[in-house]
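Asker: Right, I'll just put the structure down here and ask away after.
Computed from the coordinates by the stated procedures, all read-outs in this text should not be read as laboratory data. Predicted model, so just to flag it, every value in this text is computed and none were measured.
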């Protein structure tokens, strides 16, 4: 019986995502491409910062670039 609840929750989540995507495209109109571009760039910067922080936590220098060879430890 749990799988029915799981399938229903997944279906509701899919419907909610569809409605949200439709509303974003419908109400943003010609600005949709610009908004999507800005969101994508912001996501890339956020992920880059997260990865740099992860490197710092592991003791690596995020500003240092290797000379093309992979380092093995």
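Asker: Once the Cα atoms of helix 32-57 and of the chain are each reduced to a long axis, what angle between those two axes, in degrees from 0 to 90 to the nearest 10, is obtained?
Answerer: Helix 32-57 and the main axis of the chain meet at about 40 degrees.
Asker: (1) 12.8; (2) 16.6; (3) 12.5: which one is Kirkwood radius over Cα pairs in Å as calculated from this entry?
Answerer: Calculated Kirkwood radius over Cα pairs in Å: the matching label is (2).
Asker: Any chance you could give the angle, 0 to 90 degrees and rounded to 10, that helix 2-28 forms with the longest Cα principal axis of the chain?
Answerer: 90
Asker: In addition: With springs only between Cα atoms under 10 Å apart, run a GNM on the chain and tell me which of 41, 25, 15 wobbles the most.
Answerer: Highest fluctuation among the options: 15.
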